[in-house]
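A.B. asks: Before anything else, here's the structure in question.
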Amino acid sequence: MLIDFKGLNIKIEEATILENVDFRVDNNEFVYIIGRVGSGKSSLLRTIYGEQEFEGQSAMVLDHDLTRLRTKHLPGLRRQMGIVFQDFSLLPQHTVEENLDFVLRATGWKHKKERAARVEEVLNQVELYDKHGRYPHELSGGEQQRVAIARALLNNPRLLLADEPTGNLDHETGRNILRLLRSLTEQGTAVVIVTHNRHYLQEFPGIVYRCADHKMSEVTAEFASKASPEGNP
């Protein structure tokens with residue numbers, strides 16, 4: 001089990017955002033978190049990677065007990081997961097290759113040849129190696145997001161978290177990003193994605209949780225009957 005939350009209360013200062021949260025993610029699963037703005041979706045993701053206040057007795061992430069995890073051990077947890085945000089967060093004065101190399105150097109990859117090989121590998125995985133020498137402003141929004149996904153994959157994460165990764169993209173480009181994220185589960189990475197676009201839930205089926213009224217509940221069955229074969233709108 002990659003994530004196992006039982007009875008968590010997720011808080012911002014004194015306000016409870018989500019209460020009595022039970023949430024589990026296993027290997028290779030594709031999981032959606034849906035809900036209105038402010039319902040707690042992003043707070044849940046921040047809890048998973050150790051940036052959100054919570055109360056509860058059981059909060060396991062990648063074999064780490066968050067209730068006992070010390071701040072100095074957070075980098076070790078985060079190296080086992082990839083994180084993709086809506087705004088890409090690429091370094092504008094660095095090429096695609098340099099952006100990825102920067103992350104590898106920061107996470108302990110000391111040998112230049114090994115870093116170069118890993119950069120080539122992940123860029124091929126997202127079908128973007130031909131743009132390795134380009135700067136972010138020379139790429140489309142969809143290409144920048146694929147670079148962000150490649151960056152998240154550099155350290156072979158068991159778990160990838162994506163917070164509204166298609167929010168700044170047109171529908172067709174967003175579909176391509178969802179297709180890429182969905183394919184990662186076939187390669188051994190579990191994906192948890194926050195999205196407001198319910199069309200994706202039907203085209204790329206997964207496990208669905210909804211955040212509403214300070215509660216979180218699994219609602220997969222609501223969307224299973226509406227699912228259409230991949231590639232059909």
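A.B. asks: Calculate the FRET efficiency for HIS73 and ASP22 from the Cβ-Cβ distance with a Förster distance of 22 Å, rounded to the nearest 0.05.
C.D. replies: 0.35
A.B. asks: Then there is this: Among rounded, prolate and oblate, which fits segment 73-200 when a ≥ b ≥ c are the square roots of the eigenvalues of its C-alpha gyration tensor, a/c under 1.5 means rounded, and a/b larger than b/c means prolate?
C.D. replies: Oblate.
A.B. asks: Positive end of the dipole of the chain, charges at C-beta (+1 Lys, Arg; -1 Asp, Glu), about the Cα centre: which of ALA212, VAL103, ILE34 has its Cα farthest in that direction?
C.D. replies: Most positive-ward Cα: VAL103.
A.B. asks: OK, next. Is the chain rounded, prolate or oblate when judged by the Cα gyration tensor, a ≥ b ≥ c being the square roots of its eigenvalues, rounded requiring a/c under 1.5 and prolate requiring a/b larger than b/c?
C.D. replies: Judged from the Cα gyration tensor, the chain comes out oblate (a/c at least 1.5, b/c at or above a/b).
A.B. asks: For segment 150-204, what log10 I(q)/I(0) values come out of the Debye formula at q = 0.13 1/Å, with one point per alpha carbon and no solvent?
C.D. replies: Cα-only, vacuum Debye calculation for segment 150-204: -0.30.
A.B. asks: Where does the Debye-calculated log10 I(q)/I(0) of segment 129-176 sit at q = 0.17, 0.22, 0.33 Å⁻¹, using only Cα point scatterers of equal weight, no solvent?
C.D. replies: After summing over all Cα pairs, the log10 values are -0.56, -0.88, -1.24.
A.B. asks: Still on this structure, I have one more. Using only Cα atoms, figure out Rg for segment 11-132 and give it as a multiple of 2.2 N^0.38 Å.
C.D. replies: Cα Rg divided by the expected 2.2 N^0.38 Å: 1.28.
A.B. asks: For the pair GLU186 and GLN80, how long in nm is the line joining their label points, each one 7 Å along Cα→Cβ?
C.D. replies: 2.7 nm
A.B. asks: Could you tally the net charge around ILE10, taking each other residue with its Cβ under 9 Å from the Cβ of ILE10, Lys/Arg +1 and Asp/Glu -1?
C.D. replies: The answer is -1.
A.B. asks: Which pairs in the list LYS11/LYS110; LYS11/LYS72; LYS11/LYS112 are over 32 Å apart, alpha-carbon to alpha-carbon?
C.D. replies: LYS11/LYS110; LYS11/LYS112
A.B. asks: Follow-up. Considering only the other residues whose Cβ falls under 13 Å of the Cβ of HIS132, what net charge follows from Lys and Arg at +1 and Asp and Glu at -1?
C.D. replies: So the surrounding residues net to -3.
A.B. asks: Taking Cα pairs under 8 Å and at least six residues apart, what relative contact order does segment 30-100 come out at, in percent?
C.D. replies: 17 percent
A.B. asks: Rounded to the nearest Å, what's the spacing between the alpha carbon centres of segment 1-49 and segment 86-133? Just the number, please.
C.D. replies: Cα centroid to Cα centroid, the span is 30 Å.
Just so you know, all these numbers are worked out from the coordinates, no wet-lab data involved. Because the structure is a prediction, the values reported are computed rather than measured. As a convention, Cβ positions derive from the backbone with ideal geometry for all residues, glycine included, and neighbour counts pool all protein chains shown.
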